[in-house]
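Bear in mind that the values in this text are calculations on the coordinates, not laboratory data. Given the structure is predicted, the values throughout are model-derived calculations rather than measurements. Don't worry about glycine lacking a Cβ; one is built from the backbone with ideal geometry, like all the others, and counts go over all protein chains shown.
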Amino acid sequence: MKRTVFLGACALGLSVLLSGCQPAANTNQPVVVTNPSPERIDTASIQTELLRIENDWPRVIKEKDVAAVERVEADDAVFIYPDGSVGNKAQDVKDMQTGALTADSWAVSDLAVTVLDADSAFVFGHSTVHNGKYKMPNGKTMDISGEYRFIDTFARRNGEWKLVAGASVRVQAPMASASPAMMASPAVGASPAMKASPMMKPSPAMTHTPAVKASPATTP
């Protein structure tokens with residue numbers, strides 16, 4: 001019995017000794033950090049939605065769709081018009097309500113969408129207005145017919161795309177380029193025929209002569 005206890009004690013002591021001789025765990029292993037995968041941006045879907053909004057503006061203007069303006073434009077939207085003035089959503093809504101903006105036709109073309117991230121993008125394009133009129137607050141009517149280049153900035157808020165800023169400029173008619181016939185040439189430059197010549201200098205025939213002096217015939 002004592003022998004069994006003695007052997008058991010020896011075995012226990014040996015196991016403790018061996019466990020104490022085991023090398024310590026290596027706690028200096030590099031920590032692998034897994035970066036979250038980048039958010040996937042559905043560019044095609046964003047482009048489709050913003051093009052739909054832009055292509056619908058001619059209808060909105062023609063039908064004076066106030067609800068569409070209130071839905072698409074952000075409450076804090078800012079707009080710069082071709083004359084340099086600054087507008088906002090409240091003014092756009094008022095113009096729609098009063099019918100201040102009219103046109104026989106309003107077409108948009110050359111639209112292109114640039115997606116910045118999942119919640120922001122901008123659209124630039126070209127618009128052509130025929131017989132466009134805008135009644136100003138002072139009662140005068142401005143002719144806004146012509147071609148324009150514009151850029152609109154959109155932001156997604158609460159899952160809906162909102163127009164937050166826009167600017168437009170009038171496309172000026174191209175100036176006629178100078179042609180050879182209009183450019184300076186030797187024919188219009190200073191030439192010997194245009195320089196002072198003896199024929200242009202005072203000559204004896206132009207100087208005072210006795211014939212033009214007072215003569216005895218003119219004395220009393």
Contour minus Cα-Cα distance for Q91 and Y134 (0.36 nm per residue): 14.2 nm
Gain on full stretching of the segment that runs from D76 to A112 - 0.36 nm per residue minus C-alpha separation: 10.6 nm
Estimated FRET transfer efficiency when R0 is 22 angstrom, pair K62-T141 (beta carbons, to 0.05): 0.75
Close Lys-Lys pairs in the range 43-170, where close means Cα under 16 Å and separation is 8 or more or interchain: 10
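Which percent, nearest 5, of DSSP beta bridges in the range 43-170 are antiparallel?
Working: 38 of 42 bridges.
Restricted to the range 43-170, the bridges split so that about 90 percent are antiparallel.
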